[in-house]
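To keep things clear, I will list the structure first and then write my remarks on it.
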Amino acid sequence: DSKDYDSETESVCPFCGVGCKVSLKVKDGKVKYVEGINGPANEGRLCVKGRFGFDYIHHPHRLTKPLIRRDDAPAKGLNVDPGNLDTHFREATWEEAMDLAATRLMALREDDPRNVAGFGSAKCTNEEAYLFQKFIRQGFKHNNVDHCTRLCHASSVAALIENVGSGAVTATFNEVENSDVVIIIGANPIENHPVAATYFKQFTKRGGKLIVMDPRGVGMRKFATEMLQFRPGADVSMLNAIMNVIVEEELYDSQYIHTWTENWAAEKEHLSQFTPEAMAPICGIEPDQLRRVARTFAQAKAGLIFWGMGVSQHIHGTDNSRCLISLALMTGNVGKPGAGLHPLRGQNNVQGASDAGLIPMFLPDYQSVMDDDIRAKFNNVWNSEDFSNEKGLTVTEIIDQAYAGNIKGMYIQGENPAMSDPDVNHARAALAKLDLMIVQDIFLTETANYADIILPASALYEKNGTVSNTNRQVQRVRPAVTPPGEAREDWKITVELAQRIGLNWDYTDVSQVFAEMKLTMASLDNITWERLETETITYPSLSETDPGQAIVFGDGFPRADGRARFTPASVIPPDEAPDDEYPMIATTGRQLEHWHTGSMTRRAKVLDAVEPEANCSLNPRTLKLMGIEPGEMIRLTTRRGSIEIMARADRAIAEDMVFIPFAYVEAAANILTNSAIDPFGKIPEFKFSAIRVEKI
Ligand code: SF4
């Protein structure tokens, strides 16, 4: 036998929302290498992160014992060396750490339950997300629980729920095989959803027309029939102009609109003012191209629209999504093969964590916390007293309330707000003010620097459960290796903490959590733990033999009368405009090799070797004008703060823009970003800050 491993385990890649299935080859108790296997989202393919980014799980920085902040630790700040924790923390037994955590949580609760809030994680499983929201709702009787969807697709979900009745995608990305036109807007799948991008490339190779819309000339432009490099923040003006053409030239699908939608007359009337000529100076796209794109999409037999953070992370993110929904509806492009709306999900389980109710306004399956009957249903299953009927606070609102001293304690599982929140110096100051911060994670993240109690948790390849990808596909994850030292699976930690604060939890196996979720989540109908042993199942699944529906809403929408809605959107300028002091525009995002705040990928050898240094990208002409050589350090300053970072030349960046990845603590992009939020999705405007660039 030539096998070079001791065992192999099937699981799902821990990084992006594509949800590639993997086989983990384990030797001597460690993952040696990873191979892509035949899951519906990847058909054996993996990107560089999935293939080479796994070894962070064996990094010496892994937390292996519970830690308690020393009485004589320096003042809270971003000041702990992750290789030497003794200066700030002492090791404790699980017994001592859990006892302290529970005692202090109960003391805060006794004073006022709203003293405590929670951030769960899109990096954890569905079961862990479900338990986390239940912990706050049952344990503290309110809804102040959220996770990184707030920084991601919250505005897309707000628009989708409002207008089509469901926040999930209406078609899987694999449906491009049945499309003849595809729009990708505000997304950079070659770097952020690389395996999904392979399907998009195949689509163009067989003659499909790809329309790319983005203020950055992202990689997919090489495959595009039309590239619209529009002005940052000008999404609504461009999309309304395209829809204006569809209305003026009567290219819309009257029968579909009549049968399946409402509010068309108002939408049509509203769009009349957004002519291509009027909008071209705002969005920077010529009227001819706007007309061409309108005709191409409207005349498609089947058109699919994909979008990413470029659409969602604006103070008008919900309006941006409303436009995309209207465009799909007016052209009849929902509910049939090759057509639909697909916000590409970022984190591996942001879809599942949101479905599981890890959001302040919704219980599992987006059931409103304000509905008495719905809360009664959950209280019945939980054998619990009622909790608040008020929508809870969102991520940035919780941070603001912590800063104001109204929230005194937080339980943070696998999130890193000290890196990921906008205007992050404000978020760090808020975390430093908390009386009690319990952090459950696999590394001493920037957030854990501020913790009072640290609970060592498990990486995805060490745990059992389910995750749901961008396609609504539910898949099993399985432990290939055991967590290091005394680290534990996240769900087990939450269960023990719940028991210690007096909750009636008696789960002994994660499958019991899944079984409880099924009692209140219709989306899991016909999806059983047993089926998931061998199958990936797309929800909704209509029978115990149905692998699930790749396309939904062919026979109506989950709204009153079964109709979707047009919600007109107007042009709203970004929160802050460039001026003499801050003349350029900053946008942030990910790059291929690094994942979000970098806590995992910067500890993965290959990925860190490829991208070891904080960098930002500017147009070569801009660099030349400023006398900056690529590779030189520059200073970036906004109204919130300043960072020093290495400059790179990238022709894809507009001449008045800077692109900054947010993975690097030594030049944290979010020191610069604006915390102004979209009023509906409550998502911050990460994609537009006025900025000054200086040669050092
Ligand atoms: Fe992992 Fe996403 Fe890459 Fe697939 S595309 S291997 S899920 S990071």
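Could you give the length gained on full extension between residue 425 and residue 73, defined as 0.36 nm per residue of separation minus the Cα-Cα distance, in nm? Write down the numbers at each step before the final one.
Values: separation 352, 0.36 × 352 = 126.72 nm, distance 2.09 nm.
That pair, residue 425 and residue 73, stretches by 124.6 nm at full extension.
When the accessible area of the chain is computed with all protein chains present and a 1.4 Å probe, what percentage of it is carbon and sulfur? Walk me through the numbers on the way to the answer.
On the way: 11320 of 23670 Å².
Using a 1.4 Å probe with all protein chains present, the chain comes out at 48 percent carbon and sulfur.
Note down the nm distance, to one decimal, between modelled labels 7 Å out along Cα→Cβ at residue 368 and at residue 35.
That separation, rounded to one decimal, is 5.2 nm.
List the lysines whose alpha-carbon lies under 27 Å from that of residue 268, not counting same-chain residues fewer than 8 positions away?
209, 301, 336
Starting from the Cα of residue 379, move 7 Å in the Cα-to-Cβ direction to define the label point; list residues of region 126-146 whose amide nitrogen is under 16 Å from there.
Under 16 Å, as judged by backbone N against the label point of residue 379, lie 137-143 of region 126-146.
Starting with the highest mean, order 104-113, 344-353, 400-409 by the number of other Cβ atoms within 10 Å, averaged over the residues of each peptide.
Numbers: 104-113: 15.6, 344-353: 28.7, 400-409: 17.9.
Listed from highest to lowest mean packing, they are 344-353, 400-409, 104-113.
Can you tell which of 94, 465, 192 lies farthest toward the positive end of the dipole of the chain, using +1 and -1 charges on the Cβ of basic and acidic side chains (Lys, Arg; Asp, Glu)?
Comparing the listed Cα positions along the dipole, 192 ranks first.
For region 7-159, what is the charge dipole size about the Cα centre, in debye to the nearest 20, if Lys and Arg each add +1 at the Cβ and Asp and Glu each add -1 at the Cβ? Walk me through the numbers on the way to the answer.
On the way: 22 positive and 20 negative charges, 96 e Å.
Charge dipole, region 7-159, about its Cα centre: 460 debye, nearest 20.
Between residue 269 and residue 508, what is the spin-label point distance in nm, taking each point 7 Å from the Cα along the Cα→C-beta axis?
Simple spin-label model gives 6.5 nm for this pair.
So for each of 227-240, 568-581 I average, over its residues, the number of other beta carbons within 10 Å; can you give me the resulting order with the highest mean first? If you can, show how the numbers build up before the last one.
On the way: 227-240: 23.6, 568-581: 15.4.
Going from most to least packed, we get 227-240, 568-581.
Please label the shape of region 539-634 as rounded, prolate or oblate, based on the square roots a ≥ b ≥ c of the eigenvalues of the alpha-carbon gyration tensor (a/c under 1.5 means rounded; beyond that, a/b larger than b/c means prolate, else oblate).
Oblate shape, in that a/c is at least 1.5 and b/c is the bigger or equal ratio.
With r defined as the distance between the Cβ atoms of residue 141 and residue 525 and R0 fixed at 51 Å, what FRET efficiency is calculated, to the nearest 0.05? Intermediate results must be reported in sequence, preceding the final value.
Details: r = 29 Å, r/R0 = 0.57.
For R0 = 51 Å, the calculated efficiency reads 0.95.
In terms of Cα to Cα distance under 17 Å, which lysines are near enough to residue 49, apart from those fewer than 8 places away along the same chain?
Leaving aside lysines fewer than 8 places away in the same chain, those within reach of residue 49 are 21, 25, 32, 123, 605.
Using the Kyte-Doolittle scale, find the helices of the chain whose mean hydropathy is at least -1.0 and whose Cα atoms extend 24 Å or more along the helix's long axis, counting only whole DSSP H runs.
94-111
Using a Förster distance of 60 Å, how high is the FRET efficiency between residue 64 and residue 301, based on the Cβ-Cβ distance and rounded to 0.05? List each step's numbers first, then the result.
Values: r = 57 Å, r/R0 = 0.94.
Calculated transfer efficiency: 0.60.
May I ask which residue of 59, 376, 118 lies farthest towards the positive end of the charge dipole of the chain, with charges of +1 (Lys, Arg) and -1 (Asp, Glu) on Cβ and the Cα centre as origin?
The residue sitting most towards the positive pole is 59.
Jot down the per residue volume, in cubic angstrom and as a whole number, of the convex hull over the alpha-carbon atoms of region 259-364.
Details: hull volume 16.3 nm³, N = 106.
Once divided by residue count, the hull of region 259-364 is 153 Å³.
Normalising by the residue count of region 549-696, find the relative contact order in percent from Cα pairs under 8 Å and 6+ residues apart. Mind showing how you got there, number by number?
Numbers: 263 pairs, mean separation 45.7, N = 148.
For region 549-696, the relative contact order is 31 percent.
Using a simple charge model, +1 on the beta-carbon of Lys and Arg, -1 on the beta-carbon of Asp and Glu, nothing else, what dipole does region 490-617 show about its Cα centre, in debye to the nearest 20?
Working: 11 positive and 22 negative charges, 44 e Å.
In total the dipole reaches around 200 debye.
Show me the ranking of peptides 537-543, 320-326 by mean Cβ neighbours inside 10 Å, starting with the highest. Intermediate values should be presented prior to the final figure.
Values: 537-543: 18.4, 320-326: 27.6.
Ranking the peptides 537-543, 320-326 by packing returns 320-326, 537-543.
What number comes out for accessible area per residue over region 181-301 if the probe is 1.4 Å? Units Å², please. Write out the running numbers ahead of the final one.
Values: 4770 Å² over 121 residues.
Per residue, region 181-301 has an accessible area of 39 Å².
Roughly what would the spin-label model give for residue 81 and residue 96, points 7 Å off Cα along C-beta, in nm?
About 2.3 nm, to one decimal.
With +1 on each Lys and Arg Cβ and -1 on each Asp and Glu Cβ, and nothing else charged, work out how big the dipole of the chain is about its Cα centre, in Debye to the nearest 20. List each step's numbers first, then the result.
Values: 72 positive and 94 negative charges, 261 e Å.
Here the chain has a charge dipole of around 1260 debye.
Enter the accessible area per residue of region 1-153 (Å², integer; probe 1.4 Å; all protein chains in place). Each step should come with its number before you reach the end.
Details: 5740 Å² over 153 residues.
For region 1-153, the per-residue accessible area is 38 Å².
Using only the Cα atoms of region 330-393, build the gyration tensor, take square roots of its eigenvalues as a ≥ b ≥ c, and label the shape rounded, prolate or oblate: rounded if a/c is under 1.5, else prolate if a/b is larger than b/c, else oblate.
Values: a/c = 2.77, a/b = 2.12, b/c = 1.31.
Prolate is the answer for region 330-393, as a/c is 1.5 or above and a/b outweighs b/c.
For region 602-696, just say rounded, prolate or oblate: build the C-alpha gyration tensor, square-root its eigenvalues into a ≥ b ≥ c, call rounded for a/c under 1.5, and beyond that prolate if a/b exceeds b/c, oblate if not. Present the calculation step by step, with values, prior to reporting the outcome.
Details: a/c = 1.83, a/b = 1.19, b/c = 1.54.
Here region 602-696 falls in the oblate category.
The values are calculated or read from the model by the stated rules, or taken from the named source; none is laboratory data. Predicted, not measured: the structure shown is a model, and the values here were computed from it. With ideal geometry, Cβ positions are generated from the backbone for all residues, glycine too; neighbour counts draw on all protein chains shown. All accessible areas refer to the heavy atoms of the entire protein, side chains included, with ligands and DNA or RNA removed. Shrake-Rupley method; radii C 1.70, N 1.55, O 1.52, S 1.80 Å.
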